[in-house]
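The values are calculated or read from the model by the stated rules, or taken from the named source; none is laboratory data. Just so it is clear, the structure is predicted and the values come from calculations on it, not from any experiment. When we count neighbours, we look across all protein chains shown, and the Cβ atoms used for this are built from the backbone with ideal geometry, even at glycine.
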Amino acid sequence: MTSINVSIGFFAICMNDIYIGAICILMSIMFDAFDGIAARAFNAQSDMGKELDSLADLVSFGIAPAYLYFLIAPFDHWTRFLPALAIVLGSALRLAKFNTIPSSKYFIGLPTPSTAFFLAGLFFAVYYENSFISNLMGMTWFYSLIPILLMGLMLSNLKMFSIKELNLGMAKNKYQWVTFFSFIALLFIDVKTAIPISVIIYISLSVIRNLRYKDNY
């Protein structure tokens with residue numbers, strides 16, 4: 001499943017299309033979730049699997065979305081690769097950092113799949129010509145700012161809750177469920193902007209949870 005993940009990420013680059021690429025990113029996210037479930041179910045967790053998973057994530061959630069982001073640059077100048085480069089570097093450093101810290105029930109910094117999920121949502125919005133998102137992404141300063149913010153969030157020490165804890169019940173995981181139901185509601189309100197807005201909600205709720213619980217996360 002991890003090999004499928006990295007293969008789909010490579011396919012997203014080869015297609016040179018933001019719509020197909022965004023679909024590929026969503027598929028990679030799905031296989032990234034499934035490979036962890038399968039590893040635990042078959043007791044097949046290993047150091048090699050951990051390293052392969054990080055390499056696959058770098059391709060599917062770092063390089064692929066960065067390349068697609070490069071394709072929607074609103075200006076034609078040699079410097080237009082720099083915002084996309086920030087996504088690659090942020091993802092690489094985030095994954096390297098993740099491999100050096102002990103596993104816990106929460107994430108330290110924005111996970112690369114969440115970053116890729118957010119960017120895939122932007123690609124869908126641009127493809128379907130959502131006026132609000134398209135106008136923002138058409139501004140050079142805004143287009144350049146998004147990767148910097150994402151890089152900062154990925155490398156931050158912000159504790160972010162895991163959506164994988166949904167199965168543990170609503171009472172103990174209300175932030176996860178609020179995020180989930182918000183995403184479902186947004187799909188009905190405006191499917192074109194549901195993904196990026198849901199990621200913003202996820203980040204905002206993580207900040208609120210940090211402020212509320214502080215050391216007792």
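Restricting the search to the range 74-123, which residues are basic (K, R) and either without any contact (Cβ under 8 Å) to a residue 12 or more places away in the chain or assigned to a helix (DSSP H, G or I) (or both)?
Within the range 74-123, R80, R94, K97 meet the criteria.
Of the conditions (1) on the phi < 0 side of the Ramachandran plot; (2) out of contact with any helix residue (DSSP H, G or I) (no Cβ under 8 Å at 6 or more places or on another chain), E129 clears all except one; give me its number.
All conditions pass for E129, except number (1).
Quick check on this structure: which one of D57, D53 is of a type in the set (D, E), within 12 Å of the chain's Cα centre (by Cα) and assigned to a helix (DSSP H, G or I)? Let's see the steps before the verdict.
Numbers: D53 fails: within 12 Å of the chain's Cα centre (by Cα).
Going through D57, D53 in turn, the sole match is D57.
Kindly indicate whether any position in the range 15-25 is surrounded by fewer than 14 Cβ atoms within 10 Å (Cβ to Cβ), out of contact with any Ser or Thr (no Cβ under 9 Å at 6 or more places or on another chain) and either in a helix (DSSP H, G or I) or not aliphatic (A, V, I, L, M) (or both).
Taking every residue of the range 15-25 in turn, at least one turns out to be surrounded by fewer than 14 Cβ atoms within 10 Å (Cβ to Cβ), out of contact with any Ser or Thr (no Cβ under 9 Å at 6 or more places or on another chain) and either in a helix (DSSP H, G or I) or not aliphatic (A, V, I, L, M) (or both).
Regarding the range 60-68, can at least one residue be identified that is part of a helix (DSSP H, G or I), farther than 18 Å from F124 by Cβ and modelled with pLDDT of 95 or more?
Yes; the residues of the range 60-68 include at least one that is part of a helix (DSSP H, G or I), farther than 18 Å from F124 by Cβ and modelled with pLDDT of 95 or more.
Tell me, please, whether a residue that is modelled with pLDDT under 80, small (G, A, S) and more than 17 Å from the chain's Cα centre (by Cα) can be found in the range 163-182.
Taking the range 163-182 first, the residues modelled with pLDDT under 80 are 163-173.
Pick out the ones that are also small (G, A, S) and you get 169, 171.
If we keep only those that are more than 17 Å from the chain's Cα centre (by Cα) as well, we get 169, 171.
Yes.
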